[in-house]
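To start, the structure under review is shown below, and the notes come after it.
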Amino acid sequence: MTTLKEIQVPDIGDFSDVEIIEVLVRPGDVVKKEDSLITIESDKASMEIPSPEAGVVEELRVGIGDRVSQGDVILSMGLAERPRPTQDAQRKEVVAAGLNAAASSSGPSGQQNESMVEAPEAPKSPIRISPQQPKREPPPPATTNPSAPVRSKPAVLPAGSIARPSPTAHLRDERIKRAHASPSVRRFARELGAELGDVKGSGPKGRILKTDVQEHIKRSLAAGSAGFRVVEMPEVDFSKYGEIEVRPLSRINKQVGLNLHRNWVRIPHVTQYDEADITELEDFRKSLNEEYAAKGIKVTVLTFLMKGVVSALKKFPRFNTSLDSGQENLIFRHYYHIAVAVDTPEGLVAPVIREVDRKSLVEIASELTQISAKARAGRLSPTEMQGGCFSISSLGGIGGSAFTPIINAPQVAILGASRAAMKPVYQGGEFVPRLILPLSLSYDHRVIDGADGARFTRFLSAVLSDTRRMLL
Ligand code: CAO
């Protein structure tokens with residue numbers, strides 16, 4: 001025989017009139033004691049309400065979006081009547097319960113109140129509340145004083161034998177903790193091994209739903225990144241080989257490191273090398289600088305590169321795109337905001353100069369000076385680093401002849417510029433000295449073919465060799 005019982009919202013502390021964001025059961029579902037029934041969410045936290053009974057869901061009395069307080073009926077449940085256990089069976093059950101005290105929340109079976117409608121028992125198991133504190137690994141026994149030389153004990157295990165959390169694990173934990181998701185979705189993501197911090201929420205106020213986690217996994221599988229096992233870096237006791245010093249990475253180092261690593265691993269990079277004859281450009285640049293010296297404006301090669309890149313982006317619009325998150329479509333931008341890598345004492349940052357197509361060389365030079373000074377002073381706002389279409393990394397002020405810049409996702413290409421140098425160029429039957437600027441263009445091979453990569457740098461080279469072409 002089955003008896004019906006109304007399951008009510010238990011004592012939920014200070015919360016009342018709280019919104020239901022998930023209903024986790026349907027009529028007909030067989031529910032075990034402490035299975036979650038609904039998830040409610042207040043301004044502060046979301047929590048799951050567990051079932052105080054085992055039974056079958058007969059009728060749901062609430063839906064998503066309803067607001068509930070203690071005592072409101074969630075559903076009616078059919079409880080299967082169980083035969084009263086014999087004394088011997090009761091004894092066995094108590095022994096079993098003793099082995100797992102946490103599970104014995106309702107006392108010996110058969111002692112339930114069998115009235116048709118009864119007050120709910122307060123759940124004796126804790127209500128699951130989110131955000132949960134991520135489980136943290138114990139800190140490594142390393143020296144904490146960053147400036148003190150480390151003389152740690154010799155490593156007792158061979159290098160490579162210890163799996164340690166990566167140096168950026170705490171950032172990942174923080175992102176998971178901050179993700180807007182209910183406990184059941186968190187559990188679901190954990191079970192599937194999805195990093196909640198990477199999942200985009202489509203629910204109200206950006207809440208992550210179960211379907212978002214499923215979609216994320218599907219996309220990861222499609223992108224081929226799932227199952228890509230990366231072996232942990234070996235832990236090495238460097239102090240075995242000499243005196244060492246441990247210094248912490250800056251906040252910028254850590255964040256940039258995460259992004260660079262993701263971009264390097266996820267984007268198939270190809271780097272096209274080329275050079276541009278900037279002999280005439282250099283004459284023009286010098287004359288401009290003489291003209292604007294009194295105003296404190298300094299036009300560098302980078303300013304011309306920004307203008308030249310805009311011309312090339314107009315000619316090759318695929319370089320001014322991003323793949324959408326499903327990697328099904330290309331998003332073409334009709335604006336020209338250029339990000340510039342700036343070397344600061346705290347690490348690499350990339351402020352964005354907007355609407356470069358609408359600005360003069362002198363305006364760009366002046367803005368570049370201001371924004372790089374702001375970057376070096378650590379005063380850039382997050383919005384000043386957002387919205388870039390394409391990036392330029394200039395190491396020309398330092399030196400070198402070529403390098404492989406890493407694409408600044410979601411952009412699909414980045415131009416590296418090295419130091420220009422006088423070189424003998426064979427022209428009109430003789431070698432003549434020309435100022436040659438080395439260019440290194442990295443592009444996302446999913447979006448850009450090799451031929452277009454070479455066409456882009458050839459075009460850019462032509463524009464820089466004859467700056468009048470920027471006007472075309
Ligand atoms: N060839 C020859 N000389 C060059 C040059 C080039 N390609 N680029 C710059 N120079 C010269 C400049 O004319 C300037 O010379 P003077 O001092 O004689 O006037 C000097 O080098 C210093 O230039 P700069 O670096 O201050 O100015 P910039 O406009 O070229 O660059 C900025 C500005 C902020 C981008 C740069 O200072 C910077 O931070 N670069 C580092 C970027 C970086 O770290 N990239 C690596 C990222 S990993 O992909």
Next item on the list: Determine whether the range 374-392 contains at least one residue that is more than 26 Å from the chain's Cα centre (by Cα), surrounded by fewer than 19 Cβ atoms within 10 Å (Cβ to Cβ) and either in contact (Cβ under 8 Å) with a residue 24 or more places away in the chain or part of a helix (DSSP H, G or I) (or both).
Entry: no
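For every residue, the table says whether it meets (1) without any contact (Cβ under 8 Å) to a residue 60 or more places away in the chain; (2) surrounded by 15 or more Cβ atoms within 10 Å (Cβ to Cβ); (3) under 23 Å from the mean Cα position of the chain (by Cα); (4) assigned to a strand (DSSP E or B).
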residue: Ala276; (1), (2), (3), (4): no, yes, no, yes
residue: Glu280; (1), (2), (3), (4): no, yes, no, no
residue: Ala294; (1), (2), (3), (4): yes, no, no, no
residue: Leu302; (1), (2), (3), (4): no, yes, no, no
residue: Ser322; (1), (2), (3), (4): no, yes, yes, yes
residue: Ser325; (1), (2), (3), (4): no, no, yes, no
residue: His334; (1), (2), (3), (4): yes, no, no, no
residue: Thr369; (1), (2), (3), (4): no, yes, no, no
residue: Ser372; (1), (2), (3), (4): yes, yes, no, no
Item checked: Condition check for Thr467: surrounded by fewer than 21 Cβ atoms within 10 Å (Cβ to Cβ), more than 18 Å from Tyr336 (Cβ to Cβ), within 40 Å of the chain's Cα centre (by Cα) and among the β-branched types (Val, Ile, Thr) -> no
Next item on the list: Filter the range 393-403 down to the residues that are near the ligand (Cβ under 8 Å from one of its atoms) and surrounded by 13 or more Cβ atoms within 10 Å (Cβ to Cβ), then identify the one that is nearest to Lys423 (Cα to Cα).
Entry: Gly396
Next item on the list: Among the residues of the range 353-372, count how many are within 13 Å of the ligand (Cβ to nearest atom) and touching a strand residue (DSSP E or B) at 6+ places or on another chain (Cβ under 8 Å).
Entry: 6
Item checked: Output for the range 52-76, where each listed residue is under 24 Å from Ser16 (Cβ atoms), not in a strand (DSSP E or B) and not β-branched (Val, Ile, Thr) -> Pro52, Glu53, Arg61, Gly63, Gly65, Asp66, Ser69, Gln70, Gly71, Asp72
Margin query: All but one of (1) in contact (Cβ under 8 Å) with a residue 60 or more places away in the chain; (2) assigned to a helix (DSSP H, G or I); (3) touching a Lys or Arg at 6+ places or on another chain (Cβ under 8 Å) hold for Asp357; state the number of the condition that does not hold.
Written below: (1)
Next item on the list: Specify the residue that is nearest to the chain's Cα centre (by Cα); the eligible residues are those in the range 1-51 that are outside any strand (DSSP E or B) and among the hydrophobic types (A, V, I, L, M, F, W, C).
Entry: Ala45
Next item on the list: Name the one entry in Ala413, Ala375 that is within 11 Å of the ligand (Cβ to nearest atom) and more than 15 Å from Thr303 (Cβ to Cβ).
Entry: Ala375
Next item on the list: Go through Asp35, Asp43 for me and flag whichever is at pLDDT 85 or above, out of contact with any helix residue (DSSP H, G or I) (no Cβ under 8 Å at 6 or more places or on another chain) and among the charged types (D, E, K, R).
Entry: Asp35
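The values are calculated or read from the model by the stated rules, or taken from the named source; none is laboratory data. This structure is a prediction, so every number in the text was calculated from the model and none was measured. As a convention, Cβ positions derive from the backbone with ideal geometry for all residues, glycine included, and neighbour counts pool all protein chains shown.
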